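What follows is a set of notes on a single structure, which appears directly below.
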Amino acid sequence: MKTIVSAARVTPTARQPRLAPLRTLLVASATLAVALSTVGAASAAMTGCDAAAINALRIDRLTVTSATDVPAAAPNPEYCDVRGAVDTGNNEARFRIQLPANWNRKLLFYGVGGTGGSELAPSVNPIDSGAALGKGYATAITDTGHQGNNADASFALKAPGSVNKPALDDYLFRAAHQVTVAAKELLESFYSADVERAYFDGCSNGGRMALIEATRYPKDYDGIIAGDPTVSQLQVLALLKGAKAFLNPVSARIPVAMLPVIDAAYTASCDALDGVRDGLVQNTARCAFDPQTLVCAGGNAANCLTQDQANGLKNYLRPLTDEKGNVAIRAFSGSDLSEGNIVTYALGPNAPIDPGAPEPWGTLAPARGWALGDTFVKYVVERDPGYNTQDFAVSLDGVVQRDALKLYRSRTQNGTVDNPDDYKDFLRGNRKLIIYHGLGDKALSPYVTTKLYAGLADAQGGYDRLQQNARLFLAPGMQHCGGGHGPNLFDTLTAMENWVERGIAPDSLLATHFVNNNRAMPVDRTMPLCMFPTEATYKGTGNVNDAANWSCAANERMLEIGAEGQQAGLGAVGN
């Protein structure tokens, strides 16, 4: 996929969006890379791809448990799949490092999602990770210092009240750095060559890991890509609040069949704010949709919300605040409610069995927002596996009592990356940061990310100055780290390479949407994601689904705030 500097430079093909041949181009280019890398190569395994041989390199703190030669198979070249662990200090972080036969002298480190727990489950831009080995990158990933599923924080305790500090530190900030240091040393010893460039690429908690690297270990990476990041651990509490909004009363739970009706009403009220009705709301903060407008008596029940359901949705869209009304965490946007995110994170795949119980879903799969908030409150904040999270002092409308807020902040602050001053060393070193966020994300609010970026602009002396080293791209219609009805596939790795290695900064990212979000299907829309605070501008003629008919002419329309922005907490006291 190609990153564009200006949407105006995109040339359309007849009768279809410009990226219709995207899938073919991706496969062809990757296959070519493999072919070039293996010309004249013997079929024998890579030299040195053996656990004993790699351990003999004596990499500090690193132990290899397996090294497996993987033959070339498009789009990947032959590579050595190395597994093992790094001693992080009273704990160990497992890793997976892939060493390609065609190494380009660069490292790409992947983040992991949720609460971590596996070195085999990257949370990363899929376009980037799909191209990495074919480009010759050595890749690395860590389980963040424990094994388990990524919605389980039980690793944080040795016993009730006894914190497993080494494991918690590894998850919150330390493991990725320690594995980075060891991985670089391994690469240089294995290949007998220096690492010339290093990049970090992560989304969700992986995006938080990326920003931890920028704030705590600014010299580790030349460029960092952070998607839909957990900027503050309070966002996990906001997830819990979002799930609770539909729990009590149980009649507040919105039927999944009503979600497209709500989304259609939202889109109808906000779509034209950017000058064209195209099914995408670019600046959701300008919207003024009120769930109350869908409450009706005696009408068609299939197109109506009950009052309880409307109240639940209003609570869901409110920010997390303290008792004085100060905003602790901005709210979600109201867009894209027809997609799966709100079901996954708030409503749950099943109706709760007992909304007031310590585990409302019983043995059924809960809403992921509840699962993440519940495990964090129990194991990281209250430090009691038997704690009833229903008792944690956050109300249905998002008000958190002062003592509870103070406790939560104090016990999660090592994993928070919301202080703009902490980025100064990274940015001062002329390193590059690309942040992106889906405006339809119902796991982590894009408005928290825009707050961080605005703070960085203030600290750096304005957006123009900040954009020399850090750029933010918002994706309308994109959900959490991908998916949604808007274009949600784009190449941030090539954009980063061009910026760091060639001095070509990305003014926009060319985003693509496939039918049903299935890359085996045709492309049905392309769109430039403009550098914040620029909003994409339709040229007035041509197919709105073709990126060629949009431009990123400089404007600051994404800074305009309407009713939704005010309600979500943008510009509010304490925020």
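Just so it is clear, none of the values below were taken in a lab; they were calculated from the coordinates. All values derive from a computational prediction rather than experimental measurement. Cβ: placed from backbone, ideal geometry, glycine included. Neighbour counts: every protein chain shown.
Quick rundown of the values:
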| read-out | value |
| --- | --- |
| Fraction of alpha-carbon pairs over 23 Å apart in the stretch 294-423 - percent | 43 percent |
| Which of Thr88, Thr306, Thr230, Thr142 has the fewest Cβ neighbours within 10 Å, and the rest in rising order | Thr306, Thr88, Thr230, Thr142 |
| Fewest-first sequence of Met496, Met558 by Cβ atoms within 10 Å of each Cβ | Met558, Met496 |
| Three principal axis lengths of the stretch 196-275 [C-alpha, angstrom, descending] | 55, 38, 18 |
| Rounded Å value of the spacing that divides the Cα centres of the stretch 280-324 and the stretch 524-575 | 23 Å |
| Long-range tail of P(r) for the chain (Cα pairs > 32 Å, %) | 46 percent |
| Percent breakdown of C-alpha pair distances by 5 Å bin, ordered from the shortest bin, for the stretch 193-339 | 2, 9, 13, 15, 15, 15, 11, 8, 5, 3, 2, 1, 0, 0, 0 |
| Whole-Å distance, taken between Cα centres, linking the stretch 483-504 and the stretch 368-415 | 36 Å |
| Neighbour net charge for Glu188 - beta-carbon separation under 14 angstrom, K R +1, D E -1 | +1 |
| Dipole magnitude (debye, nearest 20) for the chain, charges at Cβ of Lys, Arg, Asp, Glu | 440 debye |
| DSSP H segments from the chain that extend 18 Å or more along their own axis, Cα-based, with Kyte-Doolittle mean of 0.5 or above | 22-38 |
| Two-decimal ratio, the stretch 410-513, of alpha-carbon radius of gyration to 2.2 N^0.38 Å | 1.12 |
| Cβ crowding within 10 Å averaged over residues, with 408-414, 178-184, 547-553 ranked highest first | 178-184, 547-553, 408-414 |
| Net charge contributed by nearby residues that have their C-beta within less than 10 Å of Thr65 (K/R +1, D/E -1) | +2 |
| For the chain, calculated [θ]222 nm from helices alone, where every DSSP H run of n ≥ 4 adds -39500 (n - 2.57) | -8000 deg cm²/dmol |
| Neighbour net charge for Thr534 - beta-carbon separation under 13 angstrom, K R +1, D E -1 | -4 |
| Share antiparallel - DSSP beta bridges, the chain, percent rounded to 5 | 60 percent |
| Debye, to nearest 20: dipole size of the stretch 131-274, +1 on Lys, Arg Cβ, -1 on Asp, Glu Cβ | 620 debye |
| Lysines whose Cα lies under 21 Å from that of Lys219, excluding same-chain neighbours fewer than 8 positions away | Lys106, Lys184, Lys424, Lys432 |
| Relative contact order %, the stretch 287-328, counting alpha carbon pairs below 8 Å whose residues are six or more apart | 28 percent |
| Kirkwood hydrodynamic radius of the stretch 237-296, Cα pairs, Å | 13.3 Å |
| Filtered GluC sites (Glu not before Pro), the stretch 59-166: DSSP coil and at most 13 other beta carbons within 10 Å | none |
| Cα lying deepest toward the dipole's positive end in the chain, options Phe392, Ala226, Leu305, charges on Cβ | Ala226 |
